[in-house]
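S.K.: Just passing along the structure, written as structure tokens.
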Amino acid sequence: MDGSQDALVASLRAENQELIRRLASQDSAQQYRSDSTVPQAGLAWEGCGLTGSQVARYSRQLVLPSFGPQAQARLCKGSVLVIGAGGLGSPAVLYLAAGGVGRVGIVDTDALELSNLHRQIAHQEVSVGKHKAASAAVSCRALNSSIQVIAHEQGLLPGNALDLVSAYDVVLDCSDNAPTRYLASDACCIAAKPLVSGAALGMDGQLTTLCVAPAGPCYRCLYPQAPALASCRRCAEAGVLGVAPGIIGTLQALEAIKLLTGVGQPLTSRLLLLDCLSTGFRTIKLRHRQPACIACGPHATITASNLASYDYRAFTGQPFNDAAPPSISLIPAAQRLSVQDLASRMQPASTRPSNQLQPNQQPAAFSRPHVAEPEASNDSMIPISRLPSADFCASGCVAAETVPIGHQQANSCNPLPEGDEGQGAKGFDSASQPSGGVQSSAGPLLLDVRPKEQFAAAHLPGFVNVPYQGPHKPLPAFLLELCHPSQSVNQAPGVSSVLPSLSASEPDARIQNLELGLSQTPKPSDQCEAAGEILVVCRRGNDSQEVVQQLRSLGITGAMDIIGGLTAWSQSVDPSFPIY
Amino acid sequence: MRVRLLFFARARELAGVGETEVEVASHATAAVVLKQVLETWPALEEVSGRCVLAVNQEYLEDMARILKEGDEVAVLPPVSGG
């Protein structure tokens, strides 16, 4: 079965599942929505305004002494706007729908991605590629067809925010970006709606309830200055444990239920902090509403009449989404290579017909390390001599990942065995038994500057992982050693274990230069020239440009950026390399 | 005297530590302690003025507040992920 048939079958299977789900949803809706009768006083039975099916459905919480039927009735008449149907919004909307909130609005503009599903549990696989607001609404309706669920797919914008929040009783901020957080807060200040603000990233979560009259602060009371761009880490970059937003989003639903029913005490003027690593919660007592606040103070300058024209992008320096940062063009085109160029350099010279690969040809299968994670190192200054040791790679992949120069590149250039499984492993194995053909000259030094976790998940064979720490952190010492080898390099234990195996079959000029460092310090210019070609790759081709710029500023003129990084590699060369 | 420092979220990333203790002058104000914190961890400049500060789990309103031995100072930048 070829690829197109596979795709057709997958498509038909997904469509079939969707139709089955819709049918089941309609059946259940007919079954559970039919009872809309309210008991007539003096006839069959009397109650607090709930229908018979509502009493049955919500019985477990309306028999709860601290909640009861009156609170349930308020919930059923209440409405909640949930801004964001992601990691926070998913559990929130499900619990609100399940708990019987009469009207749930779901705001989101994004389309669902596969990488969302580990935490955004209101969606299903079949919805990948579809609008999240609509997808979450389908799940809510499937859970409870007796409530009203509205998908607002246009998102929360300055032009519609006031109308949207005004149409609901309580608002949940489950968004993923700073502009939306300020906009939601400003709109809630103007509309006098309580705002339950949740946030989660990595292993951390935060929760507070804002804009509660008369003294509850708003988001600007707490953070009058927008966070720096670098502080706004995205889940896609910083990572997030799925449960972290799950817990905070669930607590947001709890807050909404309390606000709607009057049960309990909302988290006003308090900030709850969640630390998933220790499963610890802390509560910080916050300040009250600030008289000088431009959104909720007595002399607020953000008002109903000008909210729509407030420039939240300018205020925060960020867009209304957490999309990947745009591609930058930092260095001249002459210092950049395409992924096809990279592919051709990774092929054996004898089988290098052109720069364009055939569709089924994989010049270098990505590697899937099956080994334990190396110990993290806090030392950003890692001498080259330590690279071949276990600092960056566990033992199972030392050869391919950590021999920094020349020879492992020869392995990447080896003709690959047929079939794509095991190519990476073959590449690793062959590092210790280099074959002929391409060893006569050292290949380029291949640097992968992504964080070590991303490198460990998938990387191209032959690449050395040198995580880029940002423009303000020094480059790892071993790169500087290419220009200025020092005595200390040669005294470190790693070199001795690597050099013999390399120099036994083929001395590499750059390693010889390191050896030279034992007895003399060569001129930096010689060293820079000897550094040869250095190809730098990252996830999308932005960080790699910064690294190339830094290397070239040190005189390493062979440093070249791979345009578009591994994302472009996956799109143009090897679709099996995962985009994440 | 010693005060306890708690760095959360981005502040923890920038400082490279979540909890620590620092020696500060007796009767130091919160402003003095925070200046010392920025000198020790210059990377925290990124969140300076853009986060909630708390002493003993209460919002720090007054930077002239005099801290005492064993006080717990928390640096809480906003988290925007969701």
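The values are calculated or read from the model by the stated rules, or taken from the named source; none is laboratory data. As the structure is a prediction and not an experimental result, all values here were calculated from the model. Quick reminder, even Gly has a Cβ in these numbers, built from the backbone with ideal geometry, and neighbours come from all protein chains shown. The area values use the complete protein model at the heavy-atom level, side chains included, leaving out ligands, DNA and RNA. Shrake-Rupley method; radii C 1.70, N 1.55, O 1.52, S 1.80 Å.
S.K.: Could you count how many residues in region A:157-175 are more than 14 Å from chain B (Cβ to nearest Cβ) and part of a loop (DSSP other than H, G, I, E, B)?
M.R.: The total comes to 7.
S.K.: Does A:Q265 satisfy the condition of being at the interface with chain B (Cβ under 10 Å from one of its Cβ atoms) and either open to solvent by 30 Å² or more (accessible area, probe 1.4 Å) or farther than 28 Å from A:D163 by Cα (or both)?
M.R.: Judged against the criteria, A:Q265 is not a match.
S.K.: Given the conditions (1) in a helix (DSSP H, G or I); (2) open to solvent by 20 Å² or more (accessible area, probe 1.4 Å), which single one is not true for A:R233?
M.R.: (1)
Here is a yes/no grid of residues against (1) of a type in the set (D, E, K, R); (2) within 14 Å of chain B (Cβ to nearest Cβ); (3) buried (at least 17 other Cβ atoms within 10 Å of the Cβ):
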{"site": "A:A292", "(1), (2), (3)": "no, yes, no"}
{"site": "A:P298", "(1), (2), (3)": "no, no, no"}
{"site": "A:T303", "(1), (2), (3)": "no, no, no"}
{"site": "A:L307", "(1), (2), (3)": "no, no, yes"}
{"site": "A:Y310", "(1), (2), (3)": "no, no, yes"}
{"site": "A:T316", "(1), (2), (3)": "no, yes, yes"}
{"site": "A:F320", "(1), (2), (3)": "no, yes, yes"}
{"site": "A:I328", "(1), (2), (3)": "no, no, no"}
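S.K.: Continuing with this model, one more query. Kindly provide the set of residues from region A:94-121 that are touching a helix residue (DSSP H, G or I) at 6+ places or on another chain (Cβ under 6 Å) and within 13 Å of another protein chain (Cβ to nearest Cβ), ordered by number.
M.R.: The answer is A:D108, A:D110, A:R119, A:Q120.
S.K.: So, in region A:449-490, of the ones that are charged (D, E, K, R) and open to solvent by 40 Å² or more (accessible area, probe 1.4 Å), which residue ends up modelled with the lowest pLDDT?
M.R.: A:K473
S.K.: What number of residues within region A:534-562 are surrounded by fewer than 24 Cβ atoms within 10 Å (Cβ to Cβ), in a helix (DSSP H, G or I) and small (G, A, S)?
M.R.: Of the residues in region A:534-562, 1 are surrounded by fewer than 24 Cβ atoms within 10 Å (Cβ to Cβ), in a helix (DSSP H, G or I) and small (G, A, S).
S.K.: Could you say whether any residue in region A:197-218 is more than 8 Å from chain B (Cβ to nearest Cβ), at pLDDT 95 or above and under 19 Å from the mean Cα position of the chain (by Cα)?
M.R.: no
S.K.: When the residues of region A:236-246 are narrowed to those that are touching a residue at least 60 places away in the same chain (Cβ under 8 Å), part of a helix (DSSP H, G or I) and more than 8 Å from chain B (Cβ to nearest Cβ), which ends up surrounded by the most Cβ atoms within 10 Å (Cβ to Cβ)?
M.R.: Ranking the candidates gives A:A244 first.
Yes/no matrix, rows are residues, columns are (1) in contact (Cβ under 8 Å) with a residue 24 or more places away in the chain; (2) on the phi > 0 side of the Ramachandran plot; (3) in contact with a Phe, Trp or Tyr (Cβ under 7 Å, 6 or more places away or on another chain):
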residue: B:R2; (1), (2), (3): yes, no, no
residue: B:G16; (1), (2), (3): yes, yes, no
residue: B:E19; (1), (2), (3): no, no, no
residue: B:H27; (1), (2), (3): yes, yes, no
residue: B:K35; (1), (2), (3): no, no, no
residue: B:P42; (1), (2), (3): no, no, no
residue: B:G49; (1), (2), (3): no, yes, no
residue: B:V55; (1), (2), (3): yes, no, no
residue: B:V79; (1), (2), (3): yes, no, no
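S.K.: Let me ask something else about it. Do you know which of the residues in region A:216-256 that are of a type in the set (G, A, S) and in contact with a strand residue (DSSP E or B) (Cβ under 8 Å, 6 or more places away or on another chain) is nearest to A:L75 (Cα to Cα)?
M.R.: A:A256
S.K.: Only residues that are assigned to a loop (DSSP other than H, G, I, E, B) and either open to solvent by 30 Å² or more (accessible area, probe 1.4 Å) or hydrophobic (A, V, I, L, M, F, W, C) (or both): list them for region B:64-74, please.
M.R.: B:A64, B:R65, B:L67, B:K68, B:E69, B:G70
S.K.: Does A:C189 satisfy being crowded, with 24+ Cβ neighbours inside 10 Å, within 14 Å of chain B (Cβ to nearest Cβ) and over 25 Å from the mean Cα position of the chain (by Cα)?
M.R.: Judged against the criteria, A:C189 is not a match.
S.K.: While we're here: Tell me, yes or no, whether region A:80-94 has at least one residue that is in contact with a strand residue (DSSP E or B) (Cβ under 9 Å, 6 or more places away or on another chain) and surrounded by fewer than 24 Cβ atoms within 10 Å (Cβ to Cβ).
M.R.: Within region A:80-94, not a single residue is in contact with a strand residue (DSSP E or B) (Cβ under 9 Å, 6 or more places away or on another chain) and surrounded by fewer than 24 Cβ atoms within 10 Å (Cβ to Cβ).
S.K.: Which of the residues that make up region A:268-287 are at the interface with chain B (Cβ under 7 Å from one of its Cβ atoms), surrounded by fewer than 17 Cβ atoms within 10 Å (Cβ to Cβ) and part of a loop (DSSP other than H, G, I, E, B)?
M.R.: Across region A:268-287, the qualifying residue is only A:R287.
Here is a yes/no grid of residues against (1) in contact with a Cys (Cβ under 8 Å, 6 or more places away or on another chain); (2) farther than 16 Å from A:C174 by Cα:
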| residue | (1), (2) |
| --- | --- |
| A:G52 | no, yes |
| A:P65 | no, yes |
| A:A71 | no, yes |
| A:K77 | no, yes |
| A:V82 | yes, no |
| A:L112 | no, no |
| A:N116 | no, no |
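S.K.: List pairs: first residue in region A:175-196 and among the β-branched types (V, I, T), second residue surrounded by fewer than 24 Cβ atoms within 10 Å (Cβ to Cβ) anywhere in the structure, Cβ distance under 7 angstrom, at least six positions apart or on different chains.
M.R.: Listed pairs, sorted by first residue: A:T180/A:F320; A:I190/A:L162; A:I190/A:T303; A:I190/A:A304; A:I190/A:L307.
S.K.: Can I ask one more? Restricting the search to region A:99-149, which residues are touching a residue at least 24 places away in the same chain (Cβ under 8 Å), in a helix (DSSP H, G or I) and open to solvent by less than 40 Å² (accessible area, probe 1.4 Å)?
M.R.: A:G99, A:N116, A:V126, A:K132, A:A133, A:S135, A:A136, A:A137, A:S139, A:C140
S.K.: So B:V3 clears everything in (1) open to solvent by less than 10 Å² (accessible area, probe 1.4 Å); (2) within 14 Å of another protein chain (Cβ to nearest Cβ) except one condition, right? Which one?
M.R.: All conditions are met except number (2).
S.K.: Is there a residue in region A:229-240 that is at pLDDT below 95, of a type in the set (S, T, Y) and in the same structural domain as A:A71 (by TED's automatic domain parsing)?
M.R.: Yes, there is a match, as at least one residue in region A:229-240 is at pLDDT below 95, of a type in the set (S, T, Y) and in the same structural domain as A:A71 (by TED's automatic domain parsing).
Condition check ((1) open to solvent by 80 Å² or more (accessible area, probe 1.4 Å); (2) more than 14 Å from chain A (Cβ to nearest Cβ)) across all residues:
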{"position": "B:G18", "(1), (2)": "no, no"}
{"position": "B:A28", "(1), (2)": "no, yes"}
{"position": "B:A54", "(1), (2)": "no, no"}
{"position": "B:Q57", "(1), (2)": "no, no"}
{"position": "B:D62", "(1), (2)": "yes, no"}
{"position": "B:L76", "(1), (2)": "no, no"}
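S.K.: In region A:215-227, what residues are without any contact (Cβ under 8 Å) to a residue 40 or more places away in the chain and farther than 16 Å from A:D173 by Cα?
M.R.: Scanning region A:215-227 gives a single hit, A:Q225.
S.K.: So which residues in region A:288-310 are in contact (Cβ under 8 Å) with a residue 12 or more places away in the chain and assigned to a loop (DSSP other than H, G, I, E, B)?
M.R.: A:H288, A:R289, A:Q290, A:C293, A:I294, A:A295, A:C296, A:A300, A:I302, A:T303, A:A304, A:Y310
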